[in-house]
Amino acid sequence: MKRRPLIAGNWKMHLDSVKARQLAQDLIPAAAARAGNCDVMIAPSPTLLPVVSEEVKDSVIILGAQNVCWATQGAFTGETSPAMLLELGCRMAIIGHSERRHIFAEDDRLINKRLSGALEHGLIPILCLGETLESRQQDQTFKVLEGQLRSALINISIKNPAKLIIAYEPVWAIGTGQTATTEQAQEVHVFLRQLIGDIFDKTIASGIRILYGGSVKPETMAALMSREDIDGVLVGGAALDAESFSKIINYS
Ligand code: 13P
């Protein structure tokens, strides 16, 4: 199955409303130029969503959130509900990012609840998975990833592969300047796709988009995207600069 690439920018806890508005505006032409063959998503921090939403509402850019709660509303201090995100025009939500897992101790059970809540409310989750350097050095990569994927998908059913996105983000490659080699990424993506086939079925596995994230730069894009099972990227640092993210969007 031909999968439509997704180029996603995770803005993390950066920018202010003036800079966010400007960056969103600057990305519109690049995204429009690629609208025929790939999707572009940006995920600003929650306080920046209203201004960015306003900026991109008539463009092809998809708005995403960096996390999401499962409940519609209630006593969940510090959280944002799917309904709140949908009201602002978000269509996707990053879930289980390694910074959530490692700095904020979000565990598999919580990630599973977030994922299930997002799906129930019609937000497309971008489920992030990734092994630490230690796990890789101890040859535990596939075991760790399998554990993360299986627990995130407990009691989840998917009928349409477009409703869920996976992002493989090796922890050792995030913000380090050390991109995984295309062989390392491809090998993991194939493994994850097989596992998805096992958990759901072959149609879901062949249609689901699996992104790579971790020090993606304009220079590393073409090689990554040339690999059969890499269906796009989730970019941190390089997504904060209009010129570099536009180059990433314009990869050939
Ligand atoms: P960097 O591109 O800065 O390594 O960040 C990757 C990431 O965490 C995207 O979610």
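Read-outs throughout are calculated quantities, based only on the coordinates presented, and are distinct from any laboratory measurement. Please read all numbers here as calculations on a predicted model, not as lab measurements. Positions of Cβ are backbone-derived with ideal geometry, glycine not excepted, and every protein chain shown enters the neighbour counts.
Would you mind stating whether Leu115 is within 18 Å of the chain's Cα centre (by Cα), buried (at least 22 other Cβ atoms within 10 Å of the Cβ) and not in a loop (DSSP other than H, G, I, E, B)? Spell out how you get there, then give the answer.
Numbers: within 18 Å of the chain's Cα centre (by Cα): yes; buried (at least 22 other Cβ atoms within 10 Å of the Cβ): yes; not in a loop (DSSP other than H, G, I, E, B): yes.
It is true that Leu115 is within 18 Å of the chain's Cα centre (by Cα), buried (at least 22 other Cβ atoms within 10 Å of the Cβ) and not in a loop (DSSP other than H, G, I, E, B).
Has region 63-74 got at least one residue that is under 18 Å from Asn10 (Cα atoms), of a type outside the set (Val, Ile, Thr) and touching a Gly at 6+ places or on another chain (Cβ under 6 Å)?
So far as region 63-74 goes, yes, one or more of its residues are under 18 Å from Asn10 (Cα atoms), of a type outside the set (Val, Ile, Thr) and touching a Gly at 6+ places or on another chain (Cβ under 6 Å).
Only one of (1) in contact (Cβ under 8 Å) with a residue 12 or more places away in the chain; (2) within 23 Å of Pro170 (Cα to Cα); (3) not in a helix (DSSP H, G or I) is not met by Glu106, so which one is it?
(1)
When only residues in region 191-217 that are touching a helix residue (DSSP H, G or I) at 6+ places or on another chain (Cβ under 7 Å) and either at positive phi or part of a loop (DSSP other than H, G, I, E, B) (or both) count, which is farthest from the ligand (Cβ to nearest atom)?
Ile208
For Arg227, indicate whether it is farther than 27 Å from Pro44 by Cα and basic (Lys, Arg). Can you show your working first?
Values: farther than 27 Å from Pro44 by Cα: yes; basic (Lys, Arg): yes.
Yes, satisfied.
Report the residue count in region 87-103 for those that are within 17 Å of the chain's Cα centre (by Cα), in a helix (DSSP H, G or I) and free of Cβ contacts under 8 Å to residues at least 60 places away in the same chain.
2
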